[in-house]
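Structure first, commentary second.
The values are calculated or read from the model by the stated rules, or taken from the named source; none is laboratory data. As the structure is a computational prediction, the values presented were derived from the model and not from experiment. Cβ atoms come from the backbone with ideal geometry, glycine included; neighbour counts cover every protein chain shown.
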Amino acid sequence: MKNIKFYIRNILKSILLIYDLIRFRVTGNSPNGKYHLLLNSFYVFGGVLNNFGSLLLRTKKLNFNPAEGILSKFSANEIHSASKFLRQNGYVVFENALDERLCESFLKLSLDMPGINRDMDSNQNRVYEGRYDRENPTSNRFEYDATTLVNQIEVQKILSDESLLSFAQEYLGGAPIIDMVCMWWLAPFQIEADMNAAQWFHFDMERVKWIKFFFYITDVDTDSGPHTFIPKTHRAWGIPSSLRKKGYVRLSDEEVDSNFSASARKEFTGKRGTLIVEDTRGLHKGKHCISGDRLVFQTEYTVSNYGAKVNPPKLEIKNVGPELGCALMKYPVVFSMIEVTK
Ligand SMILES: O=C(O)CCC(=O)C(=O)O
Ligand SMILES: [Fe+2]
């Protein structure tokens, strides 16, 4: 009986979601913050309505030049196979995507730029805002805000990279919109994995369809917090209903292990410069870092800004470098979730 009620309630919510998606397509508005309906529909329909939403809301593909940017070192055939692999498995890895020089610049940036400790589940970590001290971490996760990041020339290089935009577009099936720019350290601060630091398995669900690019800026081994994914769980019904029904929560390793064999887990160890492209609608986490540390820079591209409300990062016009300046003029929709200010 409880089960029937759960399904009836959520089917009604899914009908409301379809109405809200169509209204958004027509008016560009979702007045009463109906995005939680997307989550509800996912619990019941396992992603089918996400696919419907992305077909409805995507905009026309743009004419990027895939030969311009960091993926241009891979042949057209390799990119084609990578794209296919990503669609089938939910992830694909490019080794040496970033060169040593760019990794060094990102590393230096992370040590010069102020950041903030992520609150931990226990709230036991120190509230700290300032520069990162690799020798004395004070949280499992230390992060930088998007506004600080988008004003940096190294970051702008990635944001305006046409080979990345082209790869994202191929997956999304419509013009990619940059909707997240982040960078963070994982460090061995507390013995336990932290849920709030995304160290327990979960799926992301802020948009109808999106794709994340994780760039390793430091070498990552099994102890220093490798990003971890369960292949194929990005597909419709890819996450078993018993796990989806728990809602938008973090899942323990035991809960995940009771549905997938431990060997199904893909733990991404790799040299700095490695790029992991992943559909984080599948189950994933940052494995708890027990020694060493891990710095990741990340961008997310979405097919539509329908979904969770976010504060747009502010990009000061005086900080816009030539590459980004050019991309902003050519592809305004890509940067439509970034606020350009005087
Ligand atoms: O730190 C990680 O590898 C996981 C981060 C995560 O959950 C995410 O970026 O969605
Ligand atoms: Fe996540």
When the stretch 10-49 is checked residue by residue, the ones that are under 20 Å from the mean Cα position of the chain (by Cα), within 11 Å of G307 (Cα to Cα) and in a helix (DSSP H, G or I) are H36, L38, L39
Of those in the stretch 293-342 that are touching a residue at least 12 places away in the same chain (Cβ under 8 Å) and among the polar types (S, T, N, Q), the residue nearest to W184 (Cα to Cα) is Q298
Any hit, the stretch 180-196, residues being over 27 Å from S291 (Cα atoms) and either crowded, with 24+ Cβ neighbours inside 10 Å or of a type in the set (A, V, I, L, M, F, W, C) (or both):
yes
For the stretch 219-241, pairs from a residue that is of a type in the set (K, R) to a residue that is modelled with pLDDT under 95 and assigned to a loop (DSSP other than H, G, I, E, B), with Cβ under 9 Å and 6 or more apart or across chains, are R235/G46; R235/G47
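If the requirement is being among the small types (G, A, S) and within 16 Å of ligand 2 (Cβ to nearest atom), which of these qualifies: A198, A236, A187? If you could, list the steps in order and put the result at the bottom.
Details: A236 fails: within 16 Å of ligand 2 (Cβ to nearest atom); A187 fails: within 16 Å of ligand 2 (Cβ to nearest atom).
The conditions single out A198.
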Restricted to the stretch 148-184 and to residues being within 16 Å of ligand 2 (Cβ to nearest atom) and touching a Lys or Arg at 6+ places or on another chain (Cβ under 7 Å), the residue farthest from C103 (Cα to Cα) is D179
Of the candidates E162, E154, E192, the one satisfying the condition of being farther than 24 Å from I70 by Cβ and away from ligand 1 (no atom under 15 Å from the Cβ) is E192
Checked pairs for the stretch 192-203, first under 17 Å from D257 (Cβ atoms), second among the β-branched types (V, I, T) and assigned to a loop (DSSP other than H, G, I, E, B), C-beta under 8 Å and 6 or more apart or across chains, list as F201/I230; H202/V249; F203/T233; F203/I239; F203/T280
**Asked** Does the stretch 126-143 contain any residue that is of a type in the set (F, W, Y) and within 15 Å of the chain's Cα centre (by Cα)?
**Response** no
Within the stretch 199-217, residues among the aliphatic types (A, V, I, L, M) and either within 10 Å of ligand 1 (Cβ to nearest atom) or within 27 Å of C103 (Cα to Cα) (or both) come out as I211, I217
From the option list G115, G53, single residue qualifying as modelled with pLDDT of 95 or more, crowded, with 18+ Cβ neighbours inside 10 Å, more than 28 Å from P332 (Cα to Cα) and of a type in the set (G, A, S) is G115
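Rundown of residues vs (1) closer than 23 Å to E170 by Cβ; (2) surrounded by 19 or more Cβ atoms within 10 Å (Cβ to Cβ); (3) out of contact with any Asp or Glu (no Cβ under 7 Å at 6 or more places or on another chain), yes/no style:
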| site | (1), (2), (3) |
| --- | --- |
| V208 | yes, yes, yes |
| G225 | no, yes, yes |
| K232 | yes, no, yes |
| W237 | no, no, yes |
| S241 | no, no, yes |
| R244 | no, yes, yes |
| S263 | no, no, yes |
| T269 | no, no, no |
The correct count of residues that are more than 27 Å from L38 (Cα to Cα), touching a residue at least 24 places away in the same chain (Cβ under 8 Å) and out of contact with any Phe, Trp or Tyr (no Cβ under 9 Å at 6 or more places or on another chain) in the stretch 242-268 is 1
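If you check T222 against the conditions, is it over 30 Å from L21 (Cα atoms), within 16 Å of ligand 2 (Cβ to nearest atom) and not in a helix (DSSP H, G or I)? Full working, then the answer.
Numbers: over 30 Å from L21 (Cα atoms): yes; within 16 Å of ligand 2 (Cβ to nearest atom): no; not in a helix (DSSP H, G or I): yes.
Against the criterion (over 30 Å from L21 (Cα atoms), within 16 Å of ligand 2 (Cβ to nearest atom) and not in a helix (DSSP H, G or I)), T222 does not qualify.
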Here the residues within the stretch 168-196 that are over 19 Å from A308 (Cβ atoms), hydrophobic (A, V, I, L, M, F, W, C) and part of a loop (DSSP other than H, G, I, E, B) are A175, A187, F189, I191, A193
Listed by range, strands (runs of 3 or more DSSP E) wholly within the stretch 263-341 having at least 2 residues that are more than 16 Å from the chain's Cα centre (by Cα) and within 14 Å of ligand 1 (Cβ to nearest atom) are 266-268
Flagged in the stretch 94-106 as assigned to a helix (DSSP H, G or I) and crowded, with 16+ Cβ neighbours inside 10 Å, in numbering order, are L102, C103, S105, F106
